[in-house]
Amino acid sequence: MKIALAVIMLFCCIQLSGCGVPNDKIQIPLQHWKEVDVRIETHPDPPLAGMSEIVAIITTQQHNPAYDLKVSLRTNDAAPWVQAIQDGYIGVYRRVVDLGNSGEAVLQVRLQRADEEKILLFPIRISSN
């Protein structure tokens, strides 16, 4: 009887967990270059117009941190590249950048390793709040 009650309670909790406040976080699609996966987060999330922190989380396809890269960011072709700060050897790179005042921005992420380079483009929707 106790097991049946526990199963019913668990089922109810799972069902109710989907009924909460909608998640307004913006999902920015993961991108790949060679053997690394690049995921972008913004702080705040969703980002506001003006300055926001960009966090690039870069891992190998075996889910190990990729810490041997130089990562630079900018939001348009006319802006200078700014190097992201590596957060230890955990594959996390962060930097505050100006996302502008329009409703959308395209974050350019330049990855450099030895003499190789790749620029990835991440569309970002900017919150009006």
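What are the extents of the Cα atoms of the stretch 45-129 along their three principal axes, in Å, largest first?
So the three principal-axis extents are 37, 25, 19 Å.
Can you tell me the dipole magnitude for the stretch 22-102 around its Cα centre, using point charges on the Cβ only (Lys, Arg +1; Asp, Glu -1), in Debye to the nearest 20?
Once rounded to the nearest 20, the dipole reads 120 debye.
Just so you know, all these numbers are worked out from the coordinates, no wet-lab data involved. Since the model is a prediction, treat every value here as computed from it, not as a measurement. No Cβ is skipped: glycine too gets one built from the backbone with ideal geometry, and neighbour counts run over all protein chains shown.
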